[in-house]
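Reading through the structure tokens given below for one structure.
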């Protein structure tokens, strides 16, 4: 049976399929104007500590400075093929700088290292030592990467972001670049 014959057979059998848009269009104008739904009011939440949490973030200027300093360190170390990422504590990218000749996988590696450091408030090299290989562990959490190269950024002792570097032939080299980026905005760069 041809497609057009199937459609006509379905229509003859009383089968009618309408999308929501078609249904709305078919019924438009049939309801009285007074039947419009009432507007739902927005709740005006009072900005008191019991209701609202303040969030510290690394500014765009500081983010750019940090990733720039990290990449500059890698370039000085003859590692132009890395990517540097700075993410907030939720893993949202704030700044990404991909070095010359950096492969595509270095982007995700840098972001995941940065997020892992931010989420756990510890360098990824330290977190990697906690992985035992015996059963489920923090290494099984999606979006995380437990290789050296991720460093947390803290404000008043609380982890608010992370900087990660991916692509060097050794994670210790990635970590040295990430530390240089962190120090650039911590005021301890030498």
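Determine, yes or no, whether residue 168 is buried (at least 17 other Cβ atoms within 10 Å of the Cβ), modelled with pLDDT of 95 or more and under 21 Å from the mean Cα position of the chain (by Cα).
Spelling it out, it is not the case that residue 168 is buried (at least 17 other Cβ atoms within 10 Å of the Cβ), modelled with pLDDT of 95 or more and under 21 Å from the mean Cα position of the chain (by Cα).
Tell me which residues, restricted to region 43-92, are within 11 Å of residue 163 (Cα to Cα) and exposed (fewer than 13 other Cβ atoms within 10 Å of the Cβ).
none
From the list 103, 128, 95, 119, which residue is surrounded by fewer than 24 Cβ atoms within 10 Å (Cβ to Cβ) and modelled with pLDDT under 95?
Working: 103 fails: modelled with pLDDT under 95; 95 fails: modelled with pLDDT under 95; 119 fails: modelled with pLDDT under 95.
Of 103, 128, 95, 119, the one residue that is surrounded by fewer than 24 Cβ atoms within 10 Å (Cβ to Cβ) and modelled with pLDDT under 95 is 128.
Sort out which residues of region 54-81 are modelled with pLDDT of 85 or more and part of a loop (DSSP other than H, G, I, E, B), and write them in order of number.
Once the filter is applied, which keeps residues that are modelled with pLDDT of 85 or more and part of a loop (DSSP other than H, G, I, E, B), region 54-81 yields 55, 56, 57, 58, 59, 77, 78, 79, 80, 81.
Any residue in region 131-143 that is free of Cβ contacts under 8 Å to residues at least 40 places away in the same chain, within 18 Å of the chain's Cα centre (by Cα), surrounded by 12 or more Cβ atoms within 10 Å (Cβ to Cβ) and under 22 Å from residue 184 (Cα atoms)?
So far as region 131-143 goes, no, none of its residues is free of Cβ contacts under 8 Å to residues at least 40 places away in the same chain, within 18 Å of the chain's Cα centre (by Cα), surrounded by 12 or more Cβ atoms within 10 Å (Cβ to Cβ) and under 22 Å from residue 184 (Cα atoms).
Against the definition (surrounded by fewer than 24 Cβ atoms within 10 Å (Cβ to Cβ) and farther than 19 Å from residue 119 by Cα), how does residue 180 come out, yes or no?
no
The values are calculated or read from the model by the stated rules, or taken from the named source; none is laboratory data. Small disclaimer: the values here were computed from a predicted structure and weren't measured. In this analysis, Cβ positions are derived from the backbone assuming ideal geometry, glycine residues included, and neighbour counts consider all displayed protein chains.
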